[in-house]
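Novice: Let me begin by handing over the structure; questions about it come next.
The values are calculated or read from the model by the stated rules, or taken from the named source; none is laboratory data. In this text, all values refer to a predicted model and were calculated from it rather than measured experimentally. Virtual Cβ from ideal backbone geometry, glycine too; neighbours counted across all protein chains shown.
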Amino acid sequence: MRSGGAEPQGQGLAVIDVGGIESGNATALADVAARVDAACATTGFFVAVGHGVDRTLTTAALTAAGDLFGSGAAVKDGLRLDCPPGVQRGYYGLGAEAQALAAAPTPGPARTAGPAGPAHLAVPSDPGDPAPEPPDLSETFAIGPEPPVDAGPFTAGNIWPRHLPHFQRTWIAYRRAMELFAHRLLRVGGLVLRDDPYAFDALVTRPIGTTRANHYPALATRPETGRRRGGAHTDYGTLTILAVDGHPGLEVKVGTTWVPVTCPPNGLVVNVGDLLAVLSGARWRSAWHRVAVPAGEPPYPARTSIAHFQFPNHDAVIDGVDPAGQPVSITAGAYLTTKLAQLGRVAPRATTGHHRNEVTA
């Protein structure tokens, strides 16, 4: 399928009305596919509007996340879980991770891996971030599939904040809306990259990706040079869909320039992950991005976002070409485990299991 033009917003990201995906009109679908192809090939990012996700639901999910992060430290610490390698669930506090560490080159040239083995891809390019080591100035809360899918060693339940009576239902509904939208977009990818909208369906019958809230607390002073709210990194899976609260900070590397991302209230930020870039034969980009402290003088307001990470079945074999132009065959779960091990997560203490999996409100 030939690429068409995305809708550039100055030096920023294309804003694409994706309503044509569900229109039943072949011409409208082809137009959306061409615009998505152009955006994913140039920046690896775009802003989706006309996506059909209820803005009220997105706002409710962001509000619920804000309520959680506004809870006391003891309450949030009670939402920690010990998780197996490659699994993210529950609450992680300030300094629990450094995103830039997962972007660092890994030793060894391994390009093929089984479900339990190491798995590495070539780093797409130098992110140009001068200080990759400091922990991120963020705290996070993550859920996985609900109910849990059979994902072998990646099978895990969720933990829910019982002191927030509407949180669980809101977040389950939001995750399901994100799963449906991500699947529609992946079918656009199949149409563009394989001339078959169903080409990638078999890879996501038991997806293991998380839905994760990121909270960047307010800052009274500017942090030391090089420290960021979120270090430069690429995402690991197929697609990421991000809802934002309107506060600035997200930046995407376009060429040699870090470009601030702006998103209208009804928009969702979409980006390509490492594994979809591989499946595309390096036609699509898994782009560097980060969360910077805003320009200007402090104080800086808090910022909250929710990222839905579409990630294939743990045992899916991803065949294609890496950013260095080398053929690669990699198992999705092994790649995720490798990246999260690099991330530098602090292992949280176990929490009693009575919080798991019950619908409480």
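Novice: Would you tally the residues in the stretch 244-275 being of a type in the set (A, V, I, L, M) and in contact with a Leu (Cβ under 6 Å, 6 or more places away or on another chain)?
Specialist: 2
Novice: Kindly provide the set of residues from the stretch 300-328 that are of a type outside the set (Gly, Ala, Ser), within 30 Å of Gly70 (Cβ to Cβ) and in contact with a Ser or Thr (Cβ under 8 Å, 6 or more places away or on another chain), ordered by number. I'd like the intermediate steps shown before the answer.
Specialist: As a first pass, look at the stretch 300-328 and keep what is of a type outside the set (Gly, Ala, Ser): 300-301, 303-304, 306, 308-315, 317-319, 321-323, 326-328.
Adding the requirement that they be within 30 Å of Gly70 (Cβ to Cβ) leaves 300-301, 303-304, 306, 308-311.
Residues satisfying the conditions are Ile306, His308, Phe309, Gln310, Phe311.
Novice: Yes or no: Leu180 surrounded by fewer than 18 Cβ atoms within 10 Å (Cβ to Cβ), in contact with a Gly (Cβ under 9 Å, 6 or more places away or on another chain) and in a helix (DSSP H, G or I)? So that I can check it myself, show each step before the final result.
Specialist: Numbers: surrounded by fewer than 18 Cβ atoms within 10 Å (Cβ to Cβ): yes; in contact with a Gly (Cβ under 9 Å, 6 or more places away or on another chain): yes; in a helix (DSSP H, G or I): yes.
For Leu180, the condition - surrounded by fewer than 18 Cβ atoms within 10 Å (Cβ to Cβ), in contact with a Gly (Cβ under 9 Å, 6 or more places away or on another chain) and in a helix (DSSP H, G or I) - is met.
Novice: Is it the case that the stretch 233-246 has a residue that's part of a loop (DSSP other than H, G, I, E, B), at pLDDT 95 or above and surrounded by fewer than 15 Cβ atoms within 10 Å (Cβ to Cβ)?
Specialist: no
Novice: For residues in the stretch 326-345 being modelled with pLDDT of 90 or more and outside any helix (DSSP H, G or I), which is nearest to Pro207 (Cα to Cα)?
Specialist: It comes out as Thr331.
Novice: Sticking with this structure for a sec: Listed residues Val270, Val278; which is part of a helix (DSSP H, G or I) and over 28 Å from Pro223 (Cα atoms)?
Specialist: Every option except Val278 fails the conditions.
Novice: Taking into account only those residues within the stretch 18-37 that are of a type outside the set (A, V, I, L, M) and assigned to a helix (DSSP H, G or I), which is nearest to Leu186 (Cα to Cα)?
Specialist: Per the stated criteria, the residue is Asp37.
Novice: Provide a single number: the residues in the stretch 122-136 that are buried (at least 20 other Cβ atoms within 10 Å of the Cβ) and either farther than 26 Å from Val328 by Cβ or at pLDDT below 60 (or both).
Specialist: Residues meeting the conditions: 2.
Novice: Tell me which of these Thr56 doesn't satisfy, since it passes every other one: (1) part of a loop (DSSP other than H, G, I, E, B); (2) modelled with pLDDT of 60 or more; (3) surrounded by fewer than 21 Cβ atoms within 10 Å (Cβ to Cβ).
Specialist: (1)
Novice: If you don't mind, there's one more thing I want to ask. Every residue in the stretch 42-54 that is under 13 Å from Leu13 (Cβ atoms) and among the small types (Gly, Ala, Ser), please.
Specialist: If the condition is that a residue be under 13 Å from Leu13 (Cβ atoms) and among the small types (Gly, Ala, Ser), then Gly44, Ala48 are the ones that fit.
Novice: Which of the numbered conditions does Trp258 fail, given that it passes all the others? Conditions: (1) farther than 15 Å from Ala14 by Cα; (2) within 14 Å of the chain's Cα centre (by Cα); (3) not acidic (Asp, Glu).
Specialist: Single failed check for Trp258: (2).
Novice: Here are Leu239, Leu219: which of them is more than 22 Å from Ser71 (Cβ to Cβ), touching a residue at least 24 places away in the same chain (Cβ under 8 Å) and of a type in the set (A, V, I, L, M, F, W, C)?
Specialist: Details: Leu219 fails: more than 22 Å from Ser71 (Cβ to Cβ).
Unique residue meeting the criteria: Leu239.
Novice: When the stretch 247-267 is examined, which residues are found to be surrounded by 15 or more Cβ atoms within 10 Å (Cβ to Cβ), part of a loop (DSSP other than H, G, I, E, B) and β-branched (Val, Ile, Thr)?
Specialist: Hits for the stretch 247-267 are Val261, Thr262.
Novice: Taking interchain pairs and intrachain pairs at least six residues apart, which have beta carbon atoms under 8 angstrom, with the first residue in the stretch 26-55 and in contact (Cβ under 8 Å) with a residue 12 or more places away in the chain and over 18 Å from Ile241 (Cβ atoms) and the second in a helix (DSSP H, G or I) and among the small types (Gly, Ala, Ser)?
Specialist: Leu29/Gly20; Asp31/Gly20
Novice: Of all residues in the stretch 185-209, count the ones that are of a type outside the set (Gly, Ala, Ser), outside any loop (DSSP other than H, G, I, E, B) and buried (at least 17 other Cβ atoms within 10 Å of the Cβ).
Specialist: 9
Table: residues versus (1) small (Gly, Ala, Ser); (2) closer than 30 Å to Pro301 by Cβ; (3) modelled with pLDDT of 90 or more; (4) surrounded by 14 or more Cβ atoms within 10 Å (Cβ to Cβ).
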residue	(1), (2), (3), (4)
Gly93	yes, yes, yes, yes
Glu97	no, yes, no, yes
Ala100	yes, yes, no, yes
Pro107	no, no, no, no
Ala113	yes, no, no, yes
His120	no, no, no, yes
Glu139	no, yes, yes, yes
Ile143	no, yes, yes, yes
Glu146	no, no, yes, yes
